[in-house]
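The values are calculated or read from the model by the stated rules, or taken from the named source; none is laboratory data. Treat the numbers as computed from the prediction; the structure is a model and nothing was measured. Cβ atoms come from the backbone with ideal geometry, glycine included; neighbour counts cover every protein chain shown. Side chains are part of the model used for accessible areas, which takes the heavy atoms of the whole protein and leaves out ligands, DNA and RNA. Shrake-Rupley method; radii C 1.70, N 1.55, O 1.52, S 1.80 Å.
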Amino acid sequence: MDSQLSQYLPVLMLAAVAVAATAGMMILSMMLGKLGRRSKAKDTAYECGMIPVGNPTPRLSMRFYLVAMLFILFDIEVIFLYPWAVVYRRFLEHPAMANPILFSMVSFLGVLLVGYLYALKKRAFEWRN
Amino acid sequence: MDLLERLTPIEQSVTFGALKVVGVFAIVMFLVAYAVLIERRVCAAIQDRIGPNRAGPFGLLQPLADAVKAFLKEDFMPAQAHPVYFWLAPALVMIPSLLVVAVIPFGSTLGNPDNRMVIADLNIGILYTFGIASLGVYGIVLAGYAARSKYPLMGGIRSGAQMISYEIAMGLSLIPLFLLVGDLNLGAVIDYQARGLFGWLIFKQPLAFAIFLVAAFAETNRLPFDMPEAEQELAGGYNIEYSSIKFALFFMAEYAHMIAASAMLVTLFFGGWTLPFFGLDQPASTFWGGLLHIGIFLAKLLAMMVLFVWVRWMWPRFRYDQLMALGWTRLVPLALGNIVVTALWLWLKAG
């Protein structure tokens with residue numbers, strides 16, 4: 001087996017143990033658990049004992065959607081930074097590569113900063129009305 | 001031992017791998033159970049109460065009693081809930097939190113030098129932990145959605161927005177570390193730190209540590225950032241409609257996440273299994289030395305977990321707009337600034 005892939009064999013073993021334990025616990029509780037009765041009151045959504053009011057899936061603030069979009073954008077930037085961070089010191093050892101490796105990422109972060117400032121000015125991060 | 005020597009090297013490595021998996025899983029589950037007891041006892045001490053002390057000496061059997069109780073309770077699913085998602089959600093929260101520990105080196109070597117004390121010595125180390133840890137958000141959002149009820153839905157959506165927001169700060173905060181170390185493997189991070197007490201990355205990157213610590217609290221949904229639960233506002237949040245072991249699974253997942261976050265903090269900033277004294281920063285040559293390294297790691301892990309518990313009972317909850325403002329307008333720029341400063345410093349040093 002390829003050594004790169006065989007590294008992941010123990011991860012698979014741990015995943016199998018974790019899935020088995022979780023499923024086992026849920027099945028065990030189904031077998032051991034008390035059998036309850038159903039009633040109309042018990043089947044209603046819990047709202048601190050009051051009769052549920054309004055739509056059970058209310059409309060949510062648009063800001064959650066905005067945060068999700070911003071997350072995708074910024075998380076991709078983070079992933080770009082990791083390979084750069086790993087090779088950075090090795091590139092610095094070669095005098096010809098020292099400036100390009102620094103300034104390519106500084107310019108990239110500069111572009112990112114402009115986008116960040118735009119989101120800040122558009123009040124994308126403000127949750128107070 | 002005769003039996004072990006008769007196996008081929010591949011069979012030996014698989015056997016040791018399986019033993020490590022079972023051992024780590026058992027220790028994590030044990031710690032999850034006793035983290036709950038530690039939490040309740042520390043909370044009681046802070047609030048000037050006694051805390052659970054009836055089950056066994058000093059309440060040491062309390063986790064067992066809690067587990068039995070959780071199993072025996074009625075496993076109820078409300079009529080309006082979506083059955084498949086309702087069952088899937090607790091498992092989706094629990095499983096990733098148990099998988100994060102796979103790449104954490106919890107000791108040097110045990111017995112022979114090839115038998116390294118890490119389940120999977122992946123070269124992408126830290127990316128694996130980020131990838132797996134962030135899967136937990138699916139379970140929480142799904143739990144909120146599956147119940148088809150207002151409080152859980154709001155708790156789930158809030159939690160989703162919170163966890164993804166702090167993931168940015170978390171990811172950015174660690175980049176200066178990897179600028180210094182130059183390798184994503186967590187074993188390499190520990191080797192880098194094995195140069196005396198001030199080789200520990202907390203002393204080289206205190207700002208990164210502060211940002212990572214705050215983000216870790218937010219990622220594990222612990223106070224002062226426990227928005228998803230927010231007992232006083234949402235009466236429990238995403239787990240409201242759950243009962244029996246499914247409810248308990250959410251809590252076990254929270255503690256498993258806390259253990260994983262503590263293990264990451266110890267590995268990244270506190271030198272993992274090393275101690276800068278008595279030559280304990282070199283891989284162990286004897287079996288007992290290897291055990292001692294595991295003991296050092298567990299002691300550091302426990303200290304971090306006590307910090308998590310201590311903070312929980314000392315701090316009030318943030319308001320949601322404060323939480324989002326802290327994440328996006330404070331931690332993200334700070335982390336970006338830290339990256340640029342570290343990169344410039346290394347560049348100047350290299351001439």
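Mean residue ellipticity, 222 nm, helices only, the protein assembly as shown: the sum of -39500 (n - 2.57) across DSSP H runs of n ≥ 4, divided by residue count and rounded to 500, is -22000 deg cm²/dmol.
A 1.4 Å probe over all protein chains sorts B:PHE251, B:PHE130, A:PHE80 by accessible area into A:PHE80, B:PHE251, B:PHE130, starting with the largest.
By its C-alpha gyration tensor, with a ≥ b ≥ c as the square roots of the eigenvalues, how is the stretch B:215-342 shaped: rounded for a/c under 1.5, else prolate for a/b larger than b/c, else oblate? Mind showing how you got there, number by number?
Working: a/c = 3.09, a/b = 1.47, b/c = 2.11.
Oblate, because a/c is 1.5 or more while a/b does not exceed b/c.
For every other residue with a beta carbon closer than 14 angstrom to the beta carbon of A:TYR88, add +1 if it is Lys or Arg and -1 if Asp or Glu, then tell me the sum. Charge balance in the 14 Å sphere: +1.
Which percent of the accessible heavy-atom area of the stretch B:2-350 goes to carbon and sulfur, probe 1.4 angstrom?
After summing per-atom areas, the C and S share lands at 70 percent.
Chains A and B together bury roughly 6500 Å² of accessible surface, counting both sides and using a 1.4 Å probe on protein heavy atoms.
A probe of 1.4 angstrom, applied to the heavy atoms of all protein chains, finds B:VAL68 with accessible area near 80 square angstrom.
Can you sort B:LEU346, A:LEU9 by 1.4 Å-probe accessible area, starting with the largest?
Greatest to least solvent exposure: A:LEU9, B:LEU346.
Among A:ARG89, A:ARG37, A:ARG63, the residue with the largest mean-square fluctuation in a Gaussian network model of chain A, with springs joining Cα atoms closer than 10 Å, is A:ARG37. When the Cα atoms of the stretch A:4-43 are aligned to their principal axes, the ranges along those axes come out at 56, 19, 6 Å in descending order. A simple spin-label model places the labels of B:ARG6 and B:ASP114 2.0 nm from each other, with each point 7 Å out along Cα-to-Cβ. Seen from B:VAL341, the other residues with C-beta closer than 15 Å to its C-beta sum to a net charge of +2, counting Lys and Arg as +1 and Asp and Glu as -1.
If the chain linking B:VAL68 and B:PHE30 were pulled fully straight, counting 0.36 nm for each residue of separation and taking away their Cα-Cα distance, it would gain 12.2 nm.
With contacts taken as Cα pairs under 8 Å and at least 6 residues apart, chain B reaches a relative contact order of 23 percent. Assuming charge only on the beta carbon of Lys and Arg (+1) and of Asp and Glu (-1), the dipole of chain B about its Cα centre is about 620 debye to the nearest 20. Since only B:VAL14, B:GLY290, B:ALA70 are under comparison, the one whose Cα sits farthest along the positive direction of the charge dipole of the protein assembly as shown, derived from C-beta charges on Lys, Arg, Asp and Glu, is B:ALA70.
When the alpha carbon gyration tensor of the protein assembly as shown is reduced to an equivalent ellipsoid, the three semi-axes, largest first, read 37, 31, 20 Å. Normalised by residue number, the volume inside the convex hull of the Cα atoms of the stretch A:62-121 is 63 Å³ per residue. The mean number of Cβ atoms from other chains found within 10 Å of a Cβ in peptide A:43-50 is 5, as a whole number. Rolling a 1.4 Å probe across all protein chains gives A:TYR8 an accessible area of roughly 70 Å².
With a 1.4 Å probe and every protein chain kept in, tell me what percent of the accessible surface of the stretch A:62-121 is carbon plus sulfur. Using a 1.4 Å probe with all protein chains present, the stretch A:62-121 comes out at 78 percent carbon and sulfur.
Looking at the protein assembly as shown, the accessible area is 48 square angstrom per residue; that uses a 1.4 Å probe and ignores ligands, DNA and RNA. Anisotropy class assigned to chain A is oblate, per the alpha carbon gyration tensor with a/c at or over the 1.5 cut-off and a/b no larger than b/c.
Model label sites at A:ARG38 and A:LYS122, defined 7 Å from Cα along the beta-carbon direction, differ in position by 4.7 nm. Here the stretch A:83-129 and the stretch B:35-65 have alpha carbon centers that stand 48 Å from each other. An oblate overall shape is assigned to chain B, the ratio a/c of its alpha-carbon gyration tensor axes (a ≥ b ≥ c) being 1.5 or greater and a/b not exceeding b/c.
Legend: residues in the stretch B:92-126 shielded by at least 10 square angstrom of accessible surface upon adding the remaining protein chains to the isolated chain (1.4 Å probe, heavy atoms) are B:MET94, B:ILE95, B:LEU98, B:LEU99, B:ALA102, B:ILE119, B:ALA120, B:ASP121, B:LEU122, B:ASN123, B:ILE124.
If R0 equals 56 Å, the separation of the Cβ atoms of B:ALA55 and A:LEU66 corresponds to a calculated FRET efficiency of about 0.70. Rolling a 1.4 Å probe over the protein heavy atoms leaves B:THR342 with an accessible area of roughly 10 Å². In terms of accessible area, using a 1.4 Å probe and ignoring ligands and nucleic acids, A:HIS94, B:HIS257, B:HIS293, B:HIS82 rank largest first as A:HIS94, B:HIS82, B:HIS257, B:HIS293. Charged neighbours of A:ILE51, selected by a Cβ distance under 15 Å, balance to +1 (K, R count +1; D, E count -1). Rounded to the nearest 20, the Cβ-based charge dipole of the protein assembly as shown about its Cα centre (Lys and Arg +1, Asp and Glu -1) stands at 1320 debye.
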